[in-house]
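Asker: Sending over a structure as structure tokens; questions will come in a sec.
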Amino acid sequence: MPRRPVGELVGITVNESDRAAAPPASDAEISSLDRPAPAGVNAAGFGSDVAAEALRALDIPYIALNPGASYRGLHDSLVNYLGNSRPQMLLCLHEESAVAIAHGYAKVTGKAMAAAVHSNVGLMHATMAIFNAWCDRMPMVILGATGPVDAAKRRPWIDWIHTARDQGALVRGYTKWDDQPASPAAAREAILRAGWIANSAPRGPTYVNLDAGLQEETLAEPVAPIDTQRYMPAVASAPSAQSVKAAAELLGNAKQPVILAGRVSRSEAAWAQRIALAERLNARVLTDLKVPAAFPTDHALHAGVPGTIAPTSQAADALRRADVILSLDWLDVAGTFKHAGGAIAAKVVQVSVDHHLHNGWSMDYQGLPPVDVFLDCEPDAAVPLLLAALGPAKPHAVPTAGPEAFTPAGDKLTVDHLADALRRAVGERPASLTHVSLSWNGASWPFRHPLDYLGGDGGGGVGGGPGISVGAALALKGSGRLPVAVCGDGDFLMGVTALWTAAHYKIPLLIVIANNRSFFNDELHQERVARMRHRPVENRWVGQRISEPDIDLAAMARAQGAQGFGPVAAVGELAAVFAKAIAAVEAGAVAVVDVRVEPGYTAAMSAVMTRKGD
Ligand SMILES: Cc1ncc(C[n+]2csc(CCOP(=O)(O)OP(=O)(O)O)c2C)c(N)n1
Ligand SMILES: [Mg+2]
């Protein structure tokens with residue numbers, strides 16, 4: 001086949017100078033790793049070259065992956081055709097961490113990264129992490145493979161066990177869209193569509209399954225060029241003028257308005273506008289640890305502290321007293337009302353595009369809430385329109401006192417002590433909490449910037465914490481923000497091999513383990529069942545405790561090239577260890593601190609989990 005300039009065959013703007021283009025400063029260190037020897041090819045010769053170029057057209061910097069023969073064609077194209085650059089491969093030790101890394105990256109950037117997973121088996125490993133990203137409404141493009149679909153081309157045994165009909169069915173319930181294209185041109189179209197759909201609100205994962213035969217086939221003829229940007233138009237949503245007017249009227253006349261600050265963007269401007277709206281309305285504001293920071297938690301209008309599985313008592317009181325409630329894509333309006341006692345008299349304004357995503361498989365859409373005015377758009381689009389419709393406020397006093405300073409109780413080392421010492425050690429540095437443990441107390445760490453906290457794992461799939469944190473740290477690399485994760489020991493152990501990827505690609509990150517040596521959440525469930533059945537509550541630990549032997553978590557970090565500290569078992573030791581670990585991260589390391597904490601959740605969380613009836 002004649003050699004042609006890169007991109008000519010497939011019509012995507014890729015040329016030789018692209019390969020040499022300097023990456024952003026923050027990525028330069030990563031780009032210098034895993035450099036392939038020059039392959040000397042500059043023309044798209046195979047089906048997978050077309051797919052690889054479509055991936056580059058999505059302007060995705062990284063593709064997290066675990067390898068496999070089903071996509072060996074694509075793998076070769078990424079290395080030897082695109083030169084392992086844009087996207088650059090991030091090798092992961094497990095598909096679950098590959099997808100979790102893409103998830104964490106999207107939490108910071110709002111944009112899709114790519115992940116590649118091998119045939120049916122790699123996809124099976126990836127499923128929980130895909131579900132987490134889906135529930136968290138985070139975009140990503142997942143590439144998979146199967147086949148050869150043409151049975152005559154299959155190698156005996158292995159290609160047969162790794163070929164499945166309708167492989168996308170494994171993830172269709174929790175992806176926005178999937179496809180199995182049948183030609184290189186169709187693969188290009190599928191990848192462009194996957195990127196466009198994933199990145200358009202409501203965002204979520206998409207899956208493109210590439211036939212191994214298609215990838216490896218020689219291009220018989222050039223694929224007609226297209227202007228790829230025209231196939232990925234920006235999508236903006238806007239509410240009707242009528243709905244904005246109706247919402248502003250309700251809110252403007254409200255005596256006790258409440259804002260539920262839910263799934264919003266990481267934009268600083270939008271953050272400032274939410275504050276302006278709350279102050280304009282003198283509204284109490286609720287936030288929730290399940291989703292990223294949405295409003296300053298120590299603002300005088302913030303009701304109590306951020307909720308976890310249920311709103312705090314102050315938040316529930318505010319809801320019961322409210323006459324108008326504005327939900328900015330709150331994760332679970334109906335469930336929150338139920339926790340607050342059910343009979344919420346207030347008129348409800350809902351701002352969301354989430355209903356466009358709901359399907360018959362996953363119930364993550366939650367209960368159907370009562371809504372009086374619906375704004376079919378993202379919160380960032382609604383807030384400025386509401387501010388404009390409301391006009392300037394009559395002079396009114398905005399409360400000034402924020403929540404009281406946080407002081408952990410008792411001498412035994414608890415998660416509260418961990419949080420307090422960690423926050424003091426971080427000091428005035430800008431930091432992002434990329435993950436928190438289930439035992440986290442929302443009172444212990446105020447959020448004052450949209451990147452201060454990145455929310456939960458989305459789908460309640462334990463094991464996501466380490467990978468999500470590595471992906472977030474990747475996106476934060478070079479930003480001047482210190483990425484800090486607090487993981488339960490169960491969560492850490494399930495996702496621990498994500499650390500190697502961070503160590504290898506020099507992604508600085510601090511992980512602190514709230515190590516209660518137990519899958520403690522389920523001790524509370526067993527306690528609840530024992531109480532309901534009048535059986536011995538003291539047996540709640542059986543089948544839950546992770547001890548005898550205790551696991552050396554710091555050693556698991558060291559084994560993968562991270563720095564390991566601990567176990568720390570005394571409150572007085574925390575400050576010095578955290579200072580050392582932060583210094584290590586600032587010097588570019590991945591640092592893990594094992595902190596032995598007393599088992600226990602906040603009183604509010606324990607009460608919800610152990611009470612009868614719901
Ligand atoms: C994949 C998966 N397996 C099991 C569970 C059930 N589960 C929920 S919380 C939890 C315990 C998590 O332990 P850890 O991270 O140590 O947090 P702790 O409850 O001890 O604070 C488990 C097993 C789950 N949610 N996801
Ligand atoms: Mg635990």
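Asker: All but one of (1) without any contact (Cβ under 8 Å) to a residue 60 or more places away in the chain; (2) exposed (fewer than 14 other Cβ atoms within 10 Å of the Cβ); (3) touching a Phe, Trp or Tyr at 6+ places or on another chain (Cβ under 7 Å) hold for residue 235; state the number of the condition that does not hold.
Answerer: Status for residue 235: all satisfied but (3).
Asker: Run down 187, 201 and say which single residue is in contact (Cβ under 8 Å) with a residue 24 or more places away in the chain and in a helix (DSSP H, G or I). So that I can check it myself, show each step before the final result.
Answerer: On the way: 201 fails: in a helix (DSSP H, G or I).
It is 187.
Asker: Looking at region 459-474, I want the residues that are of a type in the set (Ser, Thr, Tyr) and have a partner that is crowded, with 24+ Cβ neighbours inside 10 Å and not in a helix (DSSP H, G or I) with Cβ atoms under 7 Å, at least 6 apart or on another chain. Which pairs are those?
Answerer: 469/434; 469/435; 469/483; 469/485; 469/509; 469/511
Asker: When region 417-466 is examined, which residues are found to be under 19 Å from the mean Cα position of the chain (by Cα), among the aliphatic types (A, V, I, L, M), more than 16 Å from ligand 1 (Cβ to nearest atom) and not in a strand (DSSP E or B)?
Answerer: Selection gives 451, 454.
Asker: Moving to a separate point now. Counting only residues that are in contact with a Ser or Thr (Cβ under 6 Å, 6 or more places away or on another chain) and of a type in the set (D, E, K, R), how many does region 322-377 have?
Answerer: Count: 1.
Asker: Within region 490-501, how many residues are buried (at least 18 other Cβ atoms within 10 Å of the Cβ) and either within 13 Å of ligand 2 (Cβ to nearest atom) or of a type outside the set (A, V, I, L, M) (or both)? Spell out the reasoning first.
Answerer: First, the residues of region 490-501 that are buried (at least 18 other Cβ atoms within 10 Å of the Cβ): 490-496, 498-501.
Then drop every residue that is not either within 13 Å of ligand 2 (Cβ to nearest atom) or of a type outside the set (A, V, I, L, M) (or both), which leaves 490-495, 500-501.
So the answer is 8.
Asker: If you don't mind, there's one more thing I want to ask. Please note which helices (runs of 4 or more DSSP H) are completely contained in region 81-181 and include at least 3 residues that are farther than 18 Å from residue 473 by Cα.
Answerer: Working: elements: 95-109, 119-135, 158-161.
It comes to 119-135, 158-161.
Asker: Take the residues in region 480-489 that are within 16 Å of ligand 2 (Cβ to nearest atom) and either of a type in the set (Lys, Arg) or in a strand (DSSP E or B) (or both); name whichever of them is surrounded by the most Cβ atoms within 10 Å (Cβ to Cβ).
Answerer: Of the residues in region 480-489, the ones within 16 Å of ligand 2 (Cβ to nearest atom) are 485-489.
Narrowing the set further to residues that are either of a type in the set (Lys, Arg) or in a strand (DSSP E or B) (or both) leaves 485-488.
Values: 485: 27, 486: 28, 487: 30, 488: 26.
The qualifying residue surrounded by the most Cβ atoms within 10 Å (Cβ to Cβ) is 487.
Asker: What number of residues within region 308-322 are open to solvent by less than 20 Å² (accessible area, probe 1.4 Å) and assigned to a helix (DSSP H, G or I)?
Answerer: Final tally of qualifying residues: 4.
Asker: Right, something else. Is it true that residue 250 is surrounded by 19 or more Cβ atoms within 10 Å (Cβ to Cβ), within 21 Å of the chain's Cα centre (by Cα) and more than 22 Å from residue 57 (Cβ to Cβ)?
Answerer: Values: surrounded by 19 or more Cβ atoms within 10 Å (Cβ to Cβ): yes; within 21 Å of the chain's Cα centre (by Cα): no; more than 22 Å from residue 57 (Cβ to Cβ): yes.
In short, no.
Asker: So residue 407 fits all but one of (1) assigned to a loop (DSSP other than H, G, I, E, B); (2) buried (at least 18 other Cβ atoms within 10 Å of the Cβ); what number is the exception?
Answerer: Result: residue 407 fails condition (2) only.
Asker: State all residues of region 103-126 that are more than 18 Å from the chain's Cα centre (by Cα), open to solvent by 30 Å² or more (accessible area, probe 1.4 Å) and farther than 15 Å from residue 65 by Cβ; if no residue qualifies, say none.
Answerer: Initial filter on region 103-126 (more than 18 Å from the chain's Cα centre (by Cα)): 117-124.
With open to solvent by 30 Å² or more (accessible area, probe 1.4 Å) added as a condition, the list becomes 121, 124.
124 - this is the single residue of region 103-126 that is more than 18 Å from the chain's Cα centre (by Cα), open to solvent by 30 Å² or more (accessible area, probe 1.4 Å) and farther than 15 Å from residue 65 by Cβ.
Asker: Tally the residues that are over 14 Å from the mean Cα position of the chain (by Cα) and not hydrophobic (A, V, I, L, M, F, W, C), restricting the search to region 467-482. Write out each step before concluding.
Answerer: Filtering region 467-482 for residues over 14 Å from the mean Cα position of the chain (by Cα) gives 477-482.
Now narrow it down to the ones that are not hydrophobic (A, V, I, L, M, F, W, C): 477-481.
Residues flagged as over 14 Å from the mean Cα position of the chain (by Cα) and not hydrophobic (A, V, I, L, M, F, W, C) within region 467-482 amount to 5.
Asker: Please list, ordered by residue number, the strands (runs of 3 or more DSSP E) wholly in region 502-614 having 3 or more residues that are under 30 Å from residue 480 (Cα atoms) and more than 16 Å from ligand 2 (Cβ to nearest atom).
Answerer: On the way: elements: 509-515, 563-568, 590-596.
Result: 563-568.
The values are calculated or read from the model by the stated rules, or taken from the named source; none is laboratory data. What you see is a predicted model; the values in this text were computed from it and never measured. Counting neighbours? That spans all protein chains shown, and the Cβs are built from the backbone with ideal geometry, glycine included. Please note that ligands, DNA and RNA were not included when accessible areas were found on the heavy atoms of the full protein model with its side chains. Shrake-Rupley method; radii C 1.70, N 1.55, O 1.52, S 1.80 Å.
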